[in-house]
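Notes follow once the structure below has been shown.
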Amino acid sequence: MTDSTCDLPAETARALGLRVVPLRVVIEGRTFLDGQDLDPEAVYDHQRRGGTVATAPAPQEAFETLYRELLATHDGVVSVHLSGELSDTVRHARAAAGALNAGERVHVIDSGLASLPLAEAALAARDALWRGGDAASAQAAVRRVGEEALAEFTVPTLEYLRRGGRLSRAQELVGNVLGLRPVLRFDGGRLRAVRRVKADDALRDILARLEERFGDEPVAVTVGHAGRDPIRLAELRAALGASRLNVARGRVQLLGPAIGAHVGPGTYGVMARPYEG
């Protein structure tokens, strides 16, 4: 199982063999279950109108409920979650396992990731278990994704990073005057700006980094976008198709409300990792 910051809809995740614990999304004092109670577009529309969106970790009680349910029909649970540097969700998962005295039956893994790479890590853990592996092999699979995958994101506007306190107003102003946008990557469990590029060059720059990293090696690629923008998604697919990447498997995901709340509509990312067949 995993949590909703993997950005896989609950129904899709279940079809893939994953169960999802939702984080909480808070709008105008009302709390919603991420990925269940809200269409992401409603969150993005609220942000475009100037509204603020907050998030809260999945509570311990939610983990206890799902762990009980799964342990009634399974030998054990492997629970793969977003970075503990970004949220208390993984701490709540561990507290729930302790409260249930689950012992070796519940294995909680801090992936150090979120969004596209978290989904990939959870699926890698699933694959390890389906191949007959144990919890240690699932944890090794998660760690391997963190080491092998390269996922980079960028934003079309600095406004939402500034609203969320990740940029000052002065930094936003300078970035807009120069036309620069950050390229973000997970590092040490946090999403950090690794470089700044011209807004129009961001996608080309990200794909060039992926090409440099993987060469002609077959890769699994995932594209994520905050919002249902058919034109932008078509542009992302076309750019990927025109790249030198040897894409053996591709997937498109929408970024969910808990992630989108912090980066804003129009944010996109591309992730690649070696294709394992």
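The values are calculated or read from the model by the stated rules, or taken from the named source; none is laboratory data. What you are looking at is a predicted structure, and each value in this text was computed from that prediction instead of being measured. All Cβ positions, glycine included, derive from the backbone under ideal geometry; neighbour counts span all protein chains shown.
All but one of (1) under 19 Å from Pro22 (Cβ atoms); (2) buried (at least 17 other Cβ atoms within 10 Å of the Cβ) hold for Glu152; which doesn't?
(1)
For the range 110-119, check the following and say yes or no: at least one residue is over 23 Å from Glu11 (Cβ atoms), out of contact with any strand residue (DSSP E or B) (no Cβ under 9 Å at 6 or more places or on another chain) and touching a residue at least 24 places away in the same chain (Cβ under 8 Å). First the steps, then the outcome.
Let us first name the residues in the range 110-119 that are over 23 Å from Glu11 (Cβ atoms), namely 110, 112.
When the remaining residues are screened for being out of contact with any strand residue (DSSP E or B) (no Cβ under 9 Å at 6 or more places or on another chain), the result is none.
No: zero hits.
Restricting the search to the range 266-277, which residues are buried (at least 24 other Cβ atoms within 10 Å of the Cβ) and assigned to a loop (DSSP other than H, G, I, E, B)?
Answer for the range 266-277, where residues must be buried (at least 24 other Cβ atoms within 10 Å of the Cβ) and assigned to a loop (DSSP other than H, G, I, E, B): just Thr267.
Cβ-Cβ distance below 8 Å, separation of 6 or more or different chains: which pairs start in the range 43-66 with a residue that is without any contact (Cβ under 8 Å) to a residue 24 or more places away in the chain and end on one that is crowded, with 18+ Cβ neighbours inside 10 Å?
His46/Ile27; His46/Val53
So Phe32 clears everything in (1) in the same structural domain as Tyr67 (by TED's automatic domain parsing); (2) surrounded by 15 or more Cβ atoms within 10 Å (Cβ to Cβ) except one condition, right? Which one?
(1)
Among Val78, Val43, which is among the β-branched types (Val, Ile, Thr) and in the same structural domain as Ala124 (by TED's automatic domain parsing)? Walk me through how you get there before you give the answer.
Numbers: Val43 fails: in the same structural domain as Ala124 (by TED's automatic domain parsing).
That would be Val78, the only listed residue that is among the β-branched types (Val, Ile, Thr) and in the same structural domain as Ala124 (by TED's automatic domain parsing).
Select the strands (runs of 3 or more DSSP E) contained entirely in the range 1-75, then report the ones holding at least 2 residues which are β-branched (Val, Ile, Thr).
Values: elements: 24-27, 30-33, 54-56.
Those strands (runs of 3 or more DSSP E) span 24-27.
For the range 236-257, give me each residue that is in contact with a Pro (Cβ under 8 Å, 6 or more places away or on another chain) and either at pLDDT below 95 or outside any strand (DSSP E or B) (or both).
Matches in the range 236-257: Leu254, Leu255, Gly256, Pro257.
Does the range 87-123 hold any residues that are part of a loop (DSSP other than H, G, I, E, B), under 19 Å from Asp134 (Cα atoms) and modelled with pLDDT of 95 or more, and which are they?
Let us first name the residues in the range 87-123 that are part of a loop (DSSP other than H, G, I, E, B), namely 87-88, 100-102, 111-115.
Retained after the next criterion (residues that are under 19 Å from Asp134 (Cα atoms)): 102, 111.
If the condition is that a residue be part of a loop (DSSP other than H, G, I, E, B), under 19 Å from Asp134 (Cα atoms) and modelled with pLDDT of 95 or more, then Ser111 is the only one that fits.
Suppose the filter is farther than 30 Å from Arg131 by Cα, under 19 Å from the mean Cα position of the chain (by Cα) and surrounded by fewer than 18 Cβ atoms within 10 Å (Cβ to Cβ); does Asp229 pass it? Before you say what the answer is, go through the steps one by one.
Details: farther than 30 Å from Arg131 by Cα: yes; under 19 Å from the mean Cα position of the chain (by Cα): yes; surrounded by fewer than 18 Cβ atoms within 10 Å (Cβ to Cβ): yes.
So Asp229 fits the description; yes.
Could you run through the range 181-213 and say how many residues are in a helix (DSSP H, G or I), of a type in the set (Val, Ile, Thr) and farther than 14 Å from Gly269 by Cα?
Here is the first cut: in the range 181-213, the residues in a helix (DSSP H, G or I) are 199-213.
Of the ones still in play, those that are also of a type in the set (Val, Ile, Thr) are 206.
Keeping just the survivors that are farther than 14 Å from Gly269 by Cα gives none.
Number satisfying all stated conditions: 0.
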